[in-house]
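Structure first, then comments.
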Amino acid sequence: MLTASGIDFHPTDPSPYLVRIEDIAHALAHTCRYGGHTSSFYSVAQHSVLISRALPPDLRLWGLLHDAAEAYVGDIPRPLKGHLQGYDGIEGRVMQAIVLAFNLQPSTMPPEVKAIDDAIIADEAKALMPRAARDWPGAELALGIEIEPWAPGYARAVFLYEYTKLTTMIPGKPGVGLTAAQAKALGPLRGGNSLVEALWKVRADMLSRLLDLGLVERHDKTLCRITDKGRAALADYANQN
């Protein structure tokens, strides 16, 4: 399949190196929950943001990405999923590629995320469905939140904002909070060295992520070097660890 960013992604043979947060945000923002049977368009992206915000900080990234596989396999209503032969396996493989791409911990969905995903059904039914979700899993719990559907463009922007906030900020401190993998990738550049992109011994998406964060910059077309922001982030990382 051709993704919004122009990548050829193969759901039946998914590669974590081809997973892009921009593709996930775009697709989920344009995918309606409940097969479209809602009073207003209500995206999987908005649902994911609401799940994330209802969780403790250490689980919010998992909450945001818990339905990320649906960016590549679609949102199939729960009553139908079990009747589609092979679907669960494909969805599971895509989700594992996403887990690897974003280094989600733990590697399987935490039960706390599943519980919130079930509980929000009651809130969504109250706001968007013709009747209450009486016999749906977890529907008797409810989060007690008000839901006002977002337009796809806004949902995409908020989803990306939440992702950036969760993956780049040290709580309570301005600047960029590095992951261990990012710090390891930046380490060789600390002394001002430049590296040929092809020689980076990190995941294929790491260089793109460091460039997006402004931690490295392109130099002489095929070379990259650390920025002042990158050096400051490394110093912060060392102080925190």
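The values are calculated or read from the model by the stated rules, or taken from the named source; none is laboratory data. Predicted model, so just to flag it, every value in this text is computed and none were measured. Virtual Cβ from ideal backbone geometry, glycine too; neighbours counted across all protein chains shown.
Assorted remarks:
- Of all the criteria given as (1) farther than 20 Å from R20 by Cα; (2) surrounded by 15 or more Cβ atoms within 10 Å (Cβ to Cβ); (3) at pLDDT below 60, the one not satisfied by I226 is (3).
- Taking (1) more than 12 Å from the chain's Cα centre (by Cα); (2) of a type in the set (A, V, I, L, M); (3) part of a helix (DSSP H, G or I) in turn, A4 satisfies each apart from (3).
- Scanning segment 35-49 for residues being crowded, with 17+ Cβ neighbours inside 10 Å, touching a helix residue (DSSP H, G or I) at 6+ places or on another chain (Cβ under 7 Å) and in contact (Cβ under 8 Å) with a residue 60 or more places away in the chain gives a total of 8.
- Some residue of segment 50-69 being closer than 25 Å to R209 by Cα, assigned to a helix (DSSP H, G or I), in contact with a helix residue (DSSP H, G or I) (Cβ under 9 Å, 6 or more places away or on another chain) and charged (D, E, K, R): yes
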